[in-house]
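Undergrad: Quick one: this structure, given as C-alpha cells, is what I'll be asking you about.
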Amino acid sequence: MYRLPFAVSLDKTNDLLKTIELEFKLDTEEQSIAKKLHQSNLPPLVRPQVISYMFGISYNLILAMSIYPSNYYRIYKIPKAGNKFRQIEAPRRFLKLVQRWIYDHMLSQVSLPSEVHGFTSQKDIFTNAKPHLGAKNIMVIDIKDFFPSIKSKSVRRVFKELGFPRKVSNRLTCLCTFDDRLPQGAPTSPALANIVFSPIDRELIGIAKKWGCEYTRYADDLFFRVI
C-alpha cells in the first residue's frame, strides 16, 4: 500500500498554506485563492503542480495519468441483463489513490438534495425505498448510460464552481475522466455524477410536488410515488 506524503497529511492545517506559499512563491492573487480554498475546507490547489507536490511525486506522472489515461486503467467487461455487457474502467493503484483523495477532500463535501440516496454517506437502497413503502403506484425511470453520458465539460464545471483555478480544474478533470467521460470504476465517478445531476434532481423535486408525488433517486434510478 502507498503511504501518503507529509504535505497531504497537512492539508487541513494552516501549516500547509505557509508551506505552499513558500515552496511556489505564490503571488498575491494566488495567496488569496489559496486562502479561500482553505477556508472552504478544500486543498489549496492554486497551480496544477501543487497536486504533485502534495503527493510527493513528479508532475510528469500527474501529466501522464491525465494525458494518457489508457495506461493507468484496467479495462474489462462484465455481463448484464439481456446478454449485454458493461465496460468497467478500473484505475490502477496510484491513480485510484489520487482519485480517492479528490473524493475525500473535495467531492464528498458538496451538499446534495436529501432525496438523493445512491453513493451518499449513511444512505442506501433501503433508505431510498422507505418513502415509497405502502404506495399503490410507483413509477421508476432508469437513466441510460448514467456515468458515460456525463462528459468532461460538466466535470470541469464542478471543480471551477468549487473555486479552483482554470488550469487546476482542467487537470483534476483529466484525472477523473476517461475518453472524455466519467469512467465506470473510478471512486470519483459516483460523486461527480451526483453533483452534475443535482440541478436536475431539484427540478424533479419541484415537479413531483406539483404532481402530488414524492421523488427520490438511487444512482441512475428515479422513483416517483403518488402520495
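The values are calculated or read from the model by the stated rules, or taken from the named source; none is laboratory data. Just so it is clear, the structure is predicted and the values come from calculations on it, not from any experiment. Counting neighbours? That spans all protein chains shown, and the Cβs are built from the backbone with ideal geometry, glycine included. For the accessible areas, the whole protein counts, side chains as well, though only heavy atoms, and no ligand, DNA or RNA atoms are used. Shrake-Rupley method; radii C 1.70, N 1.55, O 1.52, S 1.80 Å.
Undergrad: Can you confirm whether Ile62 is closer than 23 Å to Pro183 by Cβ and in contact with a Lys or Arg (Cβ under 9 Å, 6 or more places away or on another chain)?
TA: Numbers: closer than 23 Å to Pro183 by Cβ: yes; in contact with a Lys or Arg (Cβ under 9 Å, 6 or more places away or on another chain): yes.
Yes: the conditions hold for Ile62.
Undergrad: Of the conditions (1) of a type outside the set (Gly, Ala, Ser); (2) closer than 27 Å to Arg202 by Cα; (3) modelled with pLDDT of 95 or more, Leu175 satisfies every one except a single condition; which number is it?
TA: If we test Leu175 against (1) of a type outside the set (Gly, Ala, Ser); (2) closer than 27 Å to Arg202 by Cα; (3) modelled with pLDDT of 95 or more, just (2) comes out false.
Undergrad: Same structure, new question: Please go through (1) closer than 27 Å to Arg217 by Cα; (2) of a type in the set (D, E, K, R); (3) loosely packed, with under 13 Cβ neighbours inside 10 Å for Lys96 and return the number of the only condition it doesn't satisfy.
TA: (3)
Undergrad: Can I ask one more? Determine if the stretch 89-106 includes at least one residue that is farther than 15 Å from Ser189 by Cβ, touching a Lys or Arg at 6+ places or on another chain (Cβ under 9 Å) and either modelled with pLDDT of 95 or more or in a helix (DSSP H, G or I) (or both).
TA: Within the stretch 89-106, one or more residues are farther than 15 Å from Ser189 by Cβ, touching a Lys or Arg at 6+ places or on another chain (Cβ under 9 Å) and either modelled with pLDDT of 95 or more or in a helix (DSSP H, G or I) (or both).
Undergrad: May I pose another question? Please find, within the stretch 33-44, the residue that is most open to solvent (accessible area, probe 1.4 Å) out of those that are part of a helix (DSSP H, G or I) and under 16 Å from Val168 (Cα atoms). Walk me through it before giving the result.
TA: The first filter runs over the stretch 33-44 and keeps only residues part of a helix (DSSP H, G or I), leaving 33-39.
Then keep just the ones that are under 16 Å from Val168 (Cα atoms); that gives 33-38.
On the way: Ile33: 46, Ala34: 1, Lys35: 115, Lys36: 131, Leu37: 4, His38: 32 Å².
The qualifying residue most open to solvent (accessible area, probe 1.4 Å) is Lys36.
Undergrad: Does Val116 meet the test of being of a type in the set (A, V, I, L, M, F, W, C), in contact with a strand residue (DSSP E or B) (Cβ under 6 Å, 6 or more places away or on another chain) and open to solvent by less than 40 Å² (accessible area, probe 1.4 Å)?
TA: Values: of a type in the set (A, V, I, L, M, F, W, C): yes; in contact with a strand residue (DSSP E or B) (Cβ under 6 Å, 6 or more places away or on another chain): yes; open to solvent by less than 40 Å² (accessible area, probe 1.4 Å): yes.
Here the answer is yes, as Val116 does meet what is asked.
Undergrad: Yes or no: Thr13 at pLDDT below 90 and open to solvent by 30 Å² or more (accessible area, probe 1.4 Å)? Show your work before the answer.
TA: On the way: at pLDDT below 90: yes; open to solvent by 30 Å² or more (accessible area, probe 1.4 Å): yes.
Against the criterion (at pLDDT below 90 and open to solvent by 30 Å² or more (accessible area, probe 1.4 Å)), Thr13 qualifies.
Undergrad: Can you confirm whether Glu30 is more than 19 Å from Pro148 (Cα to Cα), open to solvent by 50 Å² or more (accessible area, probe 1.4 Å) and not in a strand (DSSP E or B)?
TA: no
Undergrad: Applying the selection to the stretch 82-115, what residues are within 15 Å of the chain's Cα centre (by Cα) and of a type in the set (Val, Ile, Thr)?
TA: Val98, Ile102, Val110
Undergrad: Something else now. Collect the residues in the stretch 45-62 that are assigned to a helix (DSSP H, G or I) and open to solvent by 40 Å² or more (accessible area, probe 1.4 Å), keeping them in residue-number order. Steps first, answer last, please.
TA: Taking the stretch 45-62 first, the residues assigned to a helix (DSSP H, G or I) are 48-55, 59-62.
Selection gives Gln49, Tyr53, Tyr59, Asn60, Leu61.
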